[in-house]
Amino acid sequence: MFDPEQNTPIFPAASANCKRLGYRLAGDPHGKVLAVTHGWAADSEFTLPLVELFPSFRVMLIDLPGYGLSASLAEFSKDFDSVAKLISNTVPPHSVLMSWSLSTLYAIKACSLGSFMPSALITICGSPRFPDEKGNPGFNQRYIRKLNNSFNAKNAERLIKLFYAIQGIGAGGEAIKASFARFTIPSYEVLQNGIEHMTLGDERENLMNLSIPKLHLFGKQDLLVPPEQASLLANSKNTSVHIFERSAHLPFITEKKAFAQSVINFLNNIK
């Protein structure tokens with residue numbers, strides 16, 4: 001299939017036996033694969049800006065279960081391990097795996113399964129453990145409880161719009177609004193499953209044991225994943241970190257040039 005508006009080939013999820021997630025391809029057909037997973041309440045439409053930043057790569061924009069091209073796999077969004085397994089089934093071996101926000105948890109888990117291994121892992125405003133707790137600066141527990149108590153099928157769209165309005169802090173606010181306008185909000189059940197995974201997921205041990213090169217990127221103005229996370233992760237082996245001064249949760253939109261340069265520098269150093 002082909003998306004004429006975005007000029008990209010698209011591949012809906014292979015639902016038979018739950019083998020593969022849906023994705024779209026862009027960039028250099030002969031380039032190294034840069035596989036990208038999106039965040040909560042977004043989809044591959046939201047990660048389209050990454051295509052123009054890495055023209056020499058074959059950029060693979062993946063939809064998680066219940067989202068976009070993987071809408072038919074919504075039932076698998078409930079089980080954390082199933083989401084990770086689907087990612088490992090979808091991403092080609094030796095690709096660079098880039099995960100944004102919530103999907104960082106799934107990406108780390110996918111790398112720990114042993115069935116596939118990317119050549120490098122890049123996380124964008126993600127964390128192996130999201131809630132704020134002793135020794136782990138994160139998403140304030142009070143806000144997590146408020147989200148869990150107030151989020152329901154009736155107000156889901158309104159709260160998501162508020163969430164992305166907050167992410168407009170810094171440069172690129174109009175581009176964020178445009179990205180938000182393009183994608184389809186998934187079902188309430190899929191969104192609720194993501195909140196549960198964010199609340200309960202803990203991939204710190206798996207990340208610590210992951211030996212491939214890793215780059216963790218943060219926004220200094222991020223209200224969801226505090227940049228203080230960088231100091232914790234910087235001490236892990238084979239790990240680089242970078243904080244974007246003028247960004248919140250979407251540095252690949254708000255500081256495009258600096259974001260691309262940071263990623264390219266990292267990849268050039270591991271060749």
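The values are calculated or read from the model by the stated rules, or taken from the named source; none is laboratory data. Here the structure is a predicted model, which means the values were calculated and not measured. Because the Cβ atoms are built from the backbone with ideal geometry, glycine has one as well, and the counts that use them run over all protein chains shown. Areas reflect the complete protein model, heavy atoms only, side chains present, ligands, DNA and RNA absent. Shrake-Rupley method; radii C 1.70, N 1.55, O 1.52, S 1.80 Å.
Observations, loosely collected:
- Annotation note: of PHE218, PHE252, PHE244, the sole residue that is within 16 Å of the chain's Cα centre (by Cα), crowded, with 21+ Cβ neighbours inside 10 Å and either farther than 16 Å from ASN136 by Cα or among the small types (Gly, Ala, Ser) (or both) is PHE252.
- Tallying residues that are out of contact with any Pro (no Cβ under 9 Å at 6 or more places or on another chain), modelled with pLDDT of 95 or more and either surrounded by fewer than 24 Cβ atoms within 10 Å (Cβ to Cβ) or part of a loop (DSSP other than H, G, I, E, B) (or both) within segment 33-49 yields 1.
- Residues of segment 124-146 satisfying the condition of being open to solvent by 40 Å² or more (accessible area, probe 1.4 Å) and either at pLDDT below 75 or touching a Gly at 6+ places or on another chain (Cβ under 8 Å) (or both): ASP132, GLN141, ARG142, TYR143, ARG145, LYS146
- Hey, PHE54 in contact (Cβ under 8 Å) with a residue 40 or more places away in the chain and of a type outside the set (Lys, Arg) or not: yes
- For segment 63-75, the criterion of being without any contact (Cβ under 8 Å) to a residue 40 or more places away in the chain, in a loop (DSSP other than H, G, I, E, B) and over 24 Å from ILE253 (Cα atoms) is satisfied by no residue at all.
- Index of the failed condition, SER72 passing every other in (1) open to solvent by less than 40 Å² (accessible area, probe 1.4 Å); (2) of a type outside the set (Phe, Trp, Tyr); (3) in contact with a Ser or Thr (Cβ under 8 Å, 6 or more places away or on another chain): (1)
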